[in-house]
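Scroll down for the structure; my scribbles are underneath it.
Quick note: the coordinates plus some simple rules give every number you see, no bench work behind them. Given the structure is predicted, the values throughout are model-derived calculations rather than measurements. All Cβ positions, even for glycine, are placed from backbone atoms using ideal geometry, and neighbour counts span all protein chains on display.
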Amino acid sequence: MIVVGGAVLFDLLVSGGLALWNVQRLSRDATAEVGHGLERASQDYIRSYTDSTAAQVGLLLHQVHSDVKALTGVLQGQIDQPTRNGEIGAAMARAAPGAVTVTFDPKGQWAQNLPGAPSVVSVWGYLLDKDRHPLPQVQTDIETSAVLDLVAPDLLKNGASKLQMYYIGPKERPIFRTAPYTDQAQTFDRLYPGHNSADFWDFFFPGLYESWQKWASDPSLRPVPDNITQTAPYTDAITGKLIVSFFHPLWTADRRSVAGAAGADITLDQLAEIVERVKVAESGFGFLTMSDGNVVAINPAGEKIIGLRSASDATNKGVTGLDRSLRNSSQKEVASMPLDADGVIRHISLNESGEDVPYLVVTKQLNATNLWINGPVQREVMSLGIVVPEREIYASLTAARDQISRATNRILIYQILAVLLSMLVVTGAVFAASKRITSGISALAGAAKRIQAKDYSVRVDIPTKDEVGEAGLAFNRMAEEISFHTENLENLVAERTKEIEVAKEEISILNGQLTSENLRLGAELDVARQIQLMVLPRAKELAAIEQLDIAAYMRPADEVGGDYYDILQNGDHLKIGIGDVTGHGLESGVLMLMVQSVARALQEAGETNPSRFLSYLNRTIYKNIERTKTDKHVTLSFLDYDGERLTISGQHEDLIVIRHTGAVERIDTSDLGLPVGLESDISSFIDTREIPFHKGDLIVLHTDGVTEAENPEGELFGIERLCENARRLHGQTAEQVMNGILESLMAYIGTQKIHDDITLVVVRHR
């Protein structure tokens, strides 16, 4: 009784201790899991907020780009269509003479139209004749640009809010027309003395016009593949506001030179409004910065927190820049913060009143643009940043941890009380039940000793109907089963041994049959493979072709492949075929042999017309496919060469041509035919294309087993890599080119399994 009672009490103590330990561990795990979850959710929220704000800024810039391109389209149409330009100019002169008639200002030595028109046009002194009238071509430009009065007012009212829109003439005639009307030339006289006698483009935008001229000769020189060019934020001479200008060059009708520019200005207030509206938690804020760290938009509170210092770049130019750079921040971690970590959350500490306060910072890069500052146009990627104190964004995390801690303490107290109560109940129950249990247990113990002594006839008699009584019944059933199995064990062993012998004999017979079947199938596949290889062109056949140097390679993925290539010569007519039967294996190999046989028969019959040749071949193959009830078909192309012309017909993979100069051409065959065997008549789909083929030129034919071969990472070899290898080797013999491509292909595949047939044919004009 003492032993049993002590054991139960000990078990309660251990169980209770484990329960308390598990509750504490669960509390720690729950706190950690909730912490990770809330931290991830908070960071995902910041990233999502940053992405949406960046999208708003990008949308504003996109709307301005669209409006500038709309204005550019109208002005470019005037340049491209001189007749329409003259008619519209004449109409504007009649309907709105104030838009095309300028008046000379003797004080400023320039000419300008009088107020009242929708736009102002300024003509500088060096564009006037001795009578102070615009030169003839300048007057034509004035009338051309008058179309701005029809378009700009609506563009200014609708879409993204714009400060002004304008037209600037070419470098030799840089008239300046702006909508809405302002005292344009008067303001320039006041702020920029000497501008009237200087070249407009070099004075206000040095390097910009020259960059556009280079784009005209080579569009690939654009830093970003778009004609829109923006400036860094600067102080506008006319309005005095911080603005960003967006230019779009106008081209001459032959697109070889610059014919001026169309543009629009938006105030920095419009960009700043989006950024300054950012509010994350209680005091989180946003900022918009150039790639050099110059912050163009931030609210005053944020500017103070990250320690920005402002300075104005005052020069005698028309673009006075804004200098408020992160690199000059009084906060060291802000000054060294990278801006190209797109979407990465950084943890920084900012000094506030002598105390280091942890913050989270995430930046999002906007779409790249062409940027002019002072010199050649360059690539620019602005970044939007979000800054938020960690104590605010993780406030819910701290509160959750406190709640879990309090709940854990309550559970621990309840658990201790429950263990103590259980110990009292168990102690009383043990003393009450010990006598009742002891007698039955003693009987079971004695019977167990007799079983151990191999007396399987023993039985126990326990009259109680409790668990001990059930244990006695179970013991008696167990003793009976042991007695039965002991007496019948030898018979059972003999029966099982006989059954195993019979099964082994059956397995041996089946293994013999399987081995025989495998040998038969292997022999059949080997014969099919040998037949397939026998019909391929021999090296001496290829060497006998005088004008062409030909090398070919085929490797089936299985014992029998479904790829096809052949070199057929009948007199002066040479036909080179390449194809790919769907799938691979025996069925595909048989269909490949059918194609080879029919092609050889047609060539020997003297059929030289590529379209009829492919049509007859398809009709024959289609009927054989119907008879064999297979679902295969063939992509198939033929090259016909008569010593002068090279003609391609049929649909297959792209034909690769490497010219003797090293230039690479890809011939798409998708519209030259239809896969063979799909339809009974494909003559209406068949087309041909003649390809120049001169001395030193190289042709590469392949099946998709080359381009779709995979490396161990599952990446495809690809058509681009095939073209590059052929271009690199094009000056060598056909055999060397083929071996070089195969060497590169096999190195790329490495240990990866080859899943498809590989066929490669290289033809070089000697």
Principal semi-axes in Å for segment 537-765 [√(5λ), Cα gyration tensor, largest first]: 26, 23, 15
Mean Cβ neighbour count within 10 Å, used as a protection proxy, ranking 474-485, 192-203 highest first: 192-203, 474-485
Projected area, mean over directions - segment 270-396, Cα convex hull, nm²: 8.6 nm²
Peptide ranges 259-267, 60-68 listed from the most packed, as the mean C-beta count within 10 angstrom indicates: 259-267, 60-68
Segments 575-585, 347-357, 210-220 sorted - mean Cβ within 10 Å per residue, highest first: 575-585, 210-220, 347-357
Residues with amide H under 5 Å from that of residue 325, placed H, sequence gap 5 or more: 295, 309
Approximate spin-label separation residue 187-residue 485, in nm, with each point projected 7 Å along Cα-to-Cβ: 10.4 nm
Mean Cα-pair separation over length for segment 537-765, i.e. relative contact order, pairs under 8 Å, 6 or more apart, %: 25 percent
Reference-scaled alpha-carbon Rg (2.2 N^0.38 Å with N residues) for segment 692-738: 1.31
Percentage relative contact order, the chain, counting C-alpha pairs under 8 Å, at least six apart: 9 percent
Backbone HN-Hα couplings from phi across segment 135-150 [Karplus 6.51/-1.76/1.60, Hz, Gly and Pro as x]: 4, x, 5, 5, 4, 4, 4, 4, 5, 4, 6, 5, 5, 4, 5, 7
Residues in segment 111-137 that a label on residue 198 would reach, taking backbone N under 19 Å of a point 7 Å out along Cα→Cβ: 111, 122-127
Burial ordering of 746, 165, 290, fewest other beta-carbon atoms within 10 Å first: 746, 290, 165
Partner lysines for residue 632 [C-alpha distance under 23 Å; skip if fewer than 8 residues away on the same chain]: 623
Gain upon complete extension [residue 664, residue 336; 0.36 nm per residue less C-alpha separation]: 113.4 nm
Value at 222 nm in deg cm²/dmol, rounded to 500, when DSSP H runs of n ≥ 4 in the chain each add -39,500 (n - 2.57): -16000 deg cm²/dmol
Partner lysines for residue 130 [C-alpha distance under 22 Å; skip if fewer than 8 residues away on the same chain]: 107, 171
Net lengthening on full extension, residue 273/residue 513 (0.36 nm per residue, minus Cα-Cα): 78.0 nm
Antiparallel %, DSSP beta bridges [both residues in the chain], to 5: 95 percent
Karplus 3J(HN,Hα) series, Hz, for segment 379-386 with 6.51 cos²θ - 1.76 cosθ + 1.60 (x for Gly, Pro): 7, 9, 10, 6, 10, 9, x, 10
Total charge dipole magnitude, the chain, about the Cα centre, Cβ charges on Lys, Arg, Asp, Glu only, Debye to nearest 20: 2000 debye
Lysines whose Cα lies under 18 Å from that of residue 364, excluding same-chain neighbours fewer than 8 positions away: 279
